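K.L.:
This is the structure, below, for whatever I ask next.
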Amino acid sequence: MAHPSTYRPKPGEIPTDPGVYRFRDAHGRVIYVGKAKSLRPRLSSYFQDITALHPRTATMVTTAASVEWTVVRTEVEALQLEYSWIKEFDPRFNVKYRDDKSYPFLAVTMGEEYPRAQVMRGAKRKGTRYFGPYGHAWAIRETLDLLLRVFPVRTCSSGVFKRAAASGRPCLLGYIDKCSAPCVGRVSADEHRAIAEDFCDFMTGNTTRFVKRLETRMKEAAAELDFEQAARLRDDIGALSKALEKQSVVLGDATDADVFALADDDLEAAVQVFHVRGGRIRGQRGWVVEKESEDLPSLVEHLLLQVYGDVEREAIPREVLVPTLPADPEAVTEWLSSVRGSAVSVRVPQRGDKRTLSETVRRNAEQSLARHKVARAGDLTLRSKALQELQEYLGLDDAPLRIECYDVSHVQGTNVVASMVVFEDGLPRKSEYRRFIVRGTASGADDEPVTVDDTAAMREVLTRRFRRYLEDAEGAGDLDLSSGVVGGDTAGGATPGTGDDDGDASPSGPIDPETGRPRRFAYPPSLVVVDGGLPQVNAAQAVLDELGIEEVALVGLAKRLEEVWLPRDDHPVILPRTSEGLYLLQRLRDEAHRFAITFHRQRRSKAMTTSQLDGIPGLGESRQKALLRHFGSVKRLRAAEETDIMAVPGIGPSLASAIVTHLAQGAAPEPAVNLTTGEVLE
């Protein structure tokens, strides 16, 4: 890798005009394309101290070996040139959007002499009008079948068309009046093109004029007593109405908009768009993108470039609603307006129906991202590949079939808890998740208090877990490493965990011959993952060394740079971004974090509800409620005599005396409140 200083241009050489720049690697391949309002400050930002750069940007500038730029006149030209170069060079460090599935479109091949309506997937072709995308191909065929009554456009393939022309007989659709049969000369090429153009106008949202035109013709036919023609036109109006009913009305009749939403995590983002034409949802589309930057405005800008880069002017609506404005909103708006030929508004909806629809699209994006992750995690081939990569990169003797990951959660050292999540064969085993309440005391005989930071908490949790493993493993004989463990270190503050789904709750692992129950923690993991860098890893390794455990491998995953740390190693292991092994470690870390923070929030919420009656020996929650029911408030209880307090069931003389003494020694009367919401509880 080259250091950026080896190819950094002199500041005076870089112009201050708008332009587009390209970073190339040592082999001359373009690895990144970007644009700037002013090239000099933008390019100079890449050559600052590497430690100050975003990790992915730092990787890009060290991979590159040269940089070059092209000056343009305006920001819009820079936007267009950037898009062209991204398409041409496909740079590895630029954001790449890919469909989360191949959506079907209703396409009309206006570039042919006799345009054809059909279902199309894949890359778009020049001269073809596209409508959609639709969720299912059958939805397109149903809509098309209804509309062919009114717009009898050709739908047959080139082979069928040529055979019909050669034989002089149309296909079945021509006989039932669902095709104008240009193949046998019933209509001319110009007349058939006019039918296709009307069909496209209807699909773009200009529906009212067609319905009104049919209604006028129906009334004229009825006035002339041509009831058969009037009935036929009535059925045509019904077909158009039925086609319109298949599309949900969400906004005003004149609203044409594309509504975008985004859901993301540290590595990937899911994008969804609803195409609204004439106030109706005409299509939906989704992408999943590998994030190369944490900058959401840049993601939105590149998304709009790729969505509208190759479309016809009619495909760009008057409004583009986005979750956040692009990095250069003025240039993007001007570019879209120039392509459409009229003004385009790019904005973030703030209220009303458009805001509500944006929330719906966002929920679709969240579900799309979740489906993508589940599909990727559930693939047996990818799981096997992930385990093999971890074995290779970490130098393990065998693939880690059972992995445990630990995380600590607290707020400034209060309500400290920890979590243990278990993955077996690359999948979560939620019945074996555990939650720990961190005591904040050392494990030695002196039991001296220690500072409860992340490292100390991790040391305590691992000590308790593996000390329990050694205790339960005694007398169990040879352990079957394919078995599991159910149960928890309940006495030690660990509780069995439950995930969001039902886990495999069947007991497995070594069985206690006396009780017949599984020995808790008697099954050792193949690999332990801790959330953190070298300090946390070394602290965890010290625990394993102290307990004499050598068969368990240990790594740490640092979130900032996604580095994998090994014990007592000054340099981390860097797994490729596309590594399935890294993805598995990230899933472990994220699941442990979710499980820990959920438990922490539960304990914190409980701790934040306080009362002046707390701390009185012998006065539990039930008796507190009984006192408040009897007296109505702490203020009245403070004014009561001991005999009055003894009248409450469950309150004896000694407890009544303790209550009076405690309230008399307390501070000025204050109501109990929930410190989170400020709600007065008493």
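K.L.:
Taking θ = phi - 60°, what integer Hz values does the Karplus form 6.51 cos²θ - 1.76 cosθ + 1.60 yield along the stretch 28-33, in sequence order, with x for Gly and Pro?
P.N.:
Once θ is set to phi - 60°, the couplings for the stretch 28-33 become x, 7, 6, 10, 7, 10 Hz.
K.L.:
Report, to the nearest whole %, how much of the accessible area of the stretch 1-60 belongs to carbon and sulfur atoms, 1.4 Å probe, protein only.
P.N.:
So the carbon and sulfur contribution to the accessible surface is 51 percent.
K.L.:
Next question. So what are the radius of gyration and Dmax for the Cα set of the stretch 139-228, in Å?
P.N.:
14.8, 44
K.L.:
Moving on to the next point. How compact is the stretch 260-365 by the rule of thumb for globular proteins, expressed as Cα Rg over 2.2 N^0.38 Å?
P.N.:
Working it through for the stretch 260-365, the quotient is 1.02.
K.L.:
Can you list the HN-Hα couplings for the stretch 223-229, worked out from phi with the Karplus curve (6.51, -1.76, 1.60; θ = phi - 60°), rounded to whole Hz and with x for Gly and Pro?
P.N.:
These are the phi-based 3J(HN,Hα) values: 5, 8, 6, 8, 6, 5, 5 Hz.
K.L.:
Another one. Using 0.36 nm times the number of residues separating Glu142 and Glu312, minus their current alpha carbon distance, what extension gain do you get?
P.N.:
Difference between extended and current length: 58.7 nm.
K.L.:
Same structure again: Calculate, in nm to one decimal, what Arg363 and Ser622 gain on full extension: separation in residues at 0.36 nm each, minus their alpha carbon distance. Intermediate values should be presented prior to the final figure.
P.N.:
Numbers: separation 259, 0.36 × 259 = 93.24 nm, distance 4.22 nm.
Working it through step by step, the gained length comes to 89.0 nm.
K.L.:
Length gain on complete extension for the stretch Glu197 to Asp353, per 0.36 nm per residue less the alpha carbon to alpha carbon distance?
P.N.:
Taking Glu197 through Asp353 to full extension adds about 53.0 nm, to one decimal.
K.L.:
If one puts a single equal scatterer on every Cα of the stretch 1-128 and applies the Debye formula without solvent, what log₁₀ I(q)/I(0) results at q = 0.19, 0.21 Å⁻¹?
P.N.:
Reported log10 I(q)/I(0), two decimals: -1.04, -1.20.
K.L.:
Let me ask something else about it. Would you kindly derive the ³J(HN,Hα) couplings of the stretch 63-79 from the backbone phi angles with the Karplus curve 6.51 cos²θ - 1.76 cosθ + 1.60 (θ = phi - 60°), listing them in order in whole Hz, with x for Gly and Pro?
P.N.:
6, 6, 10, 7, 9, 9, 9, 10, 8, 10, 7, 10, 5, 5, 4, 5, 4
K.L.:
Among 281-289, 647-655, what's the highest-first ranking by average C-beta atoms within 10 angstrom per residue?
P.N.:
281-289, 647-655
K.L.:
Quick check: net charge around Gln541, other residues with Cβ under 12 Å of its Cβ, Lys/Arg +1 and Asp/Glu -1?
P.N.:
-2
The values are calculated or read from the model by the stated rules, or taken from the named source; none is laboratory data. As the structure is a prediction and not an experimental result, all values here were calculated from the model. Virtual Cβ from ideal backbone geometry, glycine too; neighbours counted across all protein chains shown. These area figures cover heavy atoms from the full protein model, side chains too; ligands, DNA and RNA do not enter into them. Shrake-Rupley method; radii C 1.70, N 1.55, O 1.52, S 1.80 Å.
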